[in-house]
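Chemist: Dropping a structure here in structure tokens format, bear with me for questions.
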Amino acid sequence: MSDTPLRFRSIWISDIHLGTAGCQAGYLLDFLKHVEADHLYLVGDIIDGWALKRSWFWNQSHNDVIQKVLRKARKGTQVTYIPGNHDEGARQFLGLMFGDIRIADEVIHTTADGRRFLVLHGDKFDGVVQCARWLAIVGDRLYGITLRLNHWFNRARARLGLGYWSLSQYLKHKVKTAVNFVSDFEEAVAAEARERGLDGVICGHIHKAEMREIGGIVYCNDGDWVESLTALVELASGELKIVTWQKYYAEQAAQIAELVSPSPDLHGVTPA
Ligand SMILES: [Mn+2]
């Protein structure tokens, strides 16, 4: 990969969950190494205080992420930290500066093309859209298993003299409810931006990167660094984009592989 960093006007990352084994700190470090920006927004759930209370998980790469962010702040990147629900302990410092880092509950970001975005973590909309949140994450992975489970479940029910009951149907309904949760969440957040007369909103929290228009509002979610490895970036023009780092990295690797590949005969030979 080229050593020239990718230059963005702004970068939004959230739901890093440092302090958990699920945190993909290596990918995030690689991302941070390859990007530069005027503004860096940490949109909540950066350090997972809930997880750290249960069991301590912290290694060098987790330190490196923090060092990297502090270094960027020192070198002139304007870093804003918006605490989420997993790092709510930091909410007692709202409005304060922590070294070069500004801590806020929410901010308004104006893009290069003059659009105004509300930036917040998003957990406060959980109350608005009350639902089984974990199902949104488990989703359809569950479905295949349930069909098999259903078979054994109903054999047991029959033995107990009970009637047929479709577990898969029950769960399918639940999953549908989870899908509803995501769209309800997105709509609630967009409605907040609309009420305030803004052009859009940028949030995290539900671990689902997205950028789409909802009733005239640009809804952006920067995703997470546990599963999707995504960031939201603003180009110099003001255009917003979702960057999937895993995909980007793979594409870069493929391009480099093509460059160093000596001849097409060597198809299938992967350069080291
Ligand atoms: Mn959250």
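Chemist: Which of the residues spanning the stretch 209-222 are crowded, with 19+ Cβ neighbours inside 10 Å and either under 18 Å from the mean Cα position of the chain (by Cα) or closer than 19 Å to residue 46 by Cα (or both)?
Modeler: The answer is 209, 218, 219, 220, 221, 222.
Chemist: Follow-up question, since we're still on this one. Report, by residue number, each residue of the stretch 16-44 that is free of Cβ contacts under 8 Å to residues at least 60 places away in the same chain and hydrophobic (A, V, I, L, M, F, W, C).
Modeler: Residues of the stretch 16-44 free of Cβ contacts under 8 Å to residues at least 60 places away in the same chain: 18-19, 21, 26, 29, 32-34, 36, 38, 40, 42.
Across the stretch 16-44, the qualifying residues are 18, 21, 29, 32, 40, 42.
Chemist: Okay, moving on. Check whether at least one residue in the stretch 125-134 is in contact with an Asp or Glu (Cβ under 7 Å, 6 or more places away or on another chain) and modelled with pLDDT under 70, and report yes or no.
Modeler: Quick first cut of the stretch 125-134, residues in contact with an Asp or Glu (Cβ under 7 Å, 6 or more places away or on another chain) only: 129.
Narrowing further to those that are modelled with pLDDT under 70: 129.
Checking the stretch 125-134: at least one residue is in contact with an Asp or Glu (Cβ under 7 Å, 6 or more places away or on another chain) and modelled with pLDDT under 70.
Chemist: Scan the stretch 30-58 for residues that are within 13 Å of residue 17 (Cα to Cα) and more than 16 Å from the ligand (Cβ to nearest atom) and report the count.
Modeler: Qualifying residue count, the stretch 30-58: 3.
Chemist: Quickly run through the stretch 72-98 and pick out the residues that are of a type in the set (D, E, K, R), under 23 Å from residue 30 (Cβ atoms) and surrounded by 13 or more Cβ atoms within 10 Å (Cβ to Cβ). Please lay out each step first, then the result.
Modeler: Within the stretch 72-98, the subset of a type in the set (D, E, K, R) is 72, 74-75, 87-88, 91.
Filter once more, so that each one left must be under 23 Å from residue 30 (Cβ atoms): 72, 74-75, 87.
Within the stretch 72-98, 72, 87 meet the criteria.
Chemist: Which helices (runs of 4 or more DSSP H) does the stretch 1-112 wholly contain that include 2 or more residues that are over 20 Å from the mean Cα position of the chain (by Cα) and at pLDDT 90 or above? Don't jump to the end; show me each part of the working.
Modeler: Values: elements: 25-34, 49-54, 60-74.
By residue number, 60-74.
Chemist: Going by the structure shown, is residue 75 away from the ligand (no atom under 16 Å from the Cβ) and free of Cβ contacts under 8 Å to residues at least 24 places away in the same chain?
Modeler: On the way: away from the ligand (no atom under 16 Å from the Cβ): yes; free of Cβ contacts under 8 Å to residues at least 24 places away in the same chain: yes.
Yes, satisfied.
Chemist: List the pairs whose first member sits in the stretch 2-15 and is more than 26 Å from residue 106 (Cβ to Cβ), whose second member is surrounded by fewer than 24 Cβ atoms within 10 Å (Cβ to Cβ) and at pLDDT 80 or above, and whose Cβ atoms are under 7 Å apart, counting only residues at least 6 apart or on separate chains?
Modeler: Note: pairs meeting the criteria are 5/34; 5/35; 5/36; 6/34; 6/35; 7/36.
Chemist: Let me ask something else. In this structure, does residue 162 turn out to be touching a Leu at 6+ places or on another chain (Cβ under 8 Å), outside any helix (DSSP H, G or I) and either exposed (fewer than 11 other Cβ atoms within 10 Å of the Cβ) or modelled with pLDDT of 75 or more (or both)? Don't jump to the end; show me each part of the working.
Modeler: Values: touching a Leu at 6+ places or on another chain (Cβ under 8 Å): no; outside any helix (DSSP H, G or I): yes; either exposed (fewer than 11 other Cβ atoms within 10 Å of the Cβ) or modelled with pLDDT of 75 or more (or both): yes.
It is false that residue 162 is touching a Leu at 6+ places or on another chain (Cβ under 8 Å), outside any helix (DSSP H, G or I) and either exposed (fewer than 11 other Cβ atoms within 10 Å of the Cβ) or modelled with pLDDT of 75 or more (or both).
Chemist: Those residues that are of a type in the set (Gly, Ala, Ser) and either at positive phi or part of a loop (DSSP other than H, G, I, E, B) (or both), I need them from the stretch 201-246; list them, please.
Modeler: Answer for the stretch 201-246, where residues must be of a type in the set (Gly, Ala, Ser) and either at positive phi or part of a loop (DSSP other than H, G, I, E, B) (or both): 204, 209, 215, 216, 223, 228, 236, 237, 238.
Chemist: Here is a check on your reading of the model: is residue 21 loosely packed, with under 15 Cβ neighbours inside 10 Å and not basic (Lys, Arg)?
Modeler: Details: loosely packed, with under 15 Cβ neighbours inside 10 Å: yes; not basic (Lys, Arg): yes.
Yes; evaluated as a whole, the condition is true for this residue.
Chemist: From the set of residues in the stretch 194-208 that are touching a Leu at 6+ places or on another chain (Cβ under 7 Å) and under 14 Å from residue 44 (Cα atoms), which is farthest from the ligand (Cβ to nearest atom)?
Modeler: From the stretch 194-208, those touching a Leu at 6+ places or on another chain (Cβ under 7 Å) are 196, 198, 201-203; that's our starting set.
Those left that are additionally under 14 Å from residue 44 (Cα atoms): 202-203.
Details: 202: 14, 203: 9 Å.
Across the stretch 194-208, the extreme among qualifying residues is 202.
Chemist: From the list 179, 233, 243, 175, pick out the single residue that is over 18 Å from residue 123 (Cβ atoms), within 18 Å of the chain's Cα centre (by Cα) and modelled with pLDDT under 90. It would help to see each step written out before you state the result.
Modeler: Working: 233 fails: modelled with pLDDT under 90; 243 fails: modelled with pLDDT under 90; 175 fails: within 18 Å of the chain's Cα centre (by Cα).
Step by step, each of 179, 233, 243, 175 is checked, and only 179 is over 18 Å from residue 123 (Cβ atoms), within 18 Å of the chain's Cα centre (by Cα) and modelled with pLDDT under 90.
One line per residue, one yes/no per condition, for (1) touching a helix residue (DSSP H, G or I) at 6+ places or on another chain (Cβ under 7 Å); (2) of a type in the set (S, T, N, Q):
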residue	(1), (2)
33	no, no
37	no, no
44	no, no
51	no, no
54	no, no
64	yes, no
73	no, no
77	no, yes
82	no, no
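The values are calculated or read from the model by the stated rules, or taken from the named source; none is laboratory data. What you see is a predicted model; the values in this text were computed from it and never measured. Cβ: placed from backbone, ideal geometry, glycine included. Neighbour counts: every protein chain shown.
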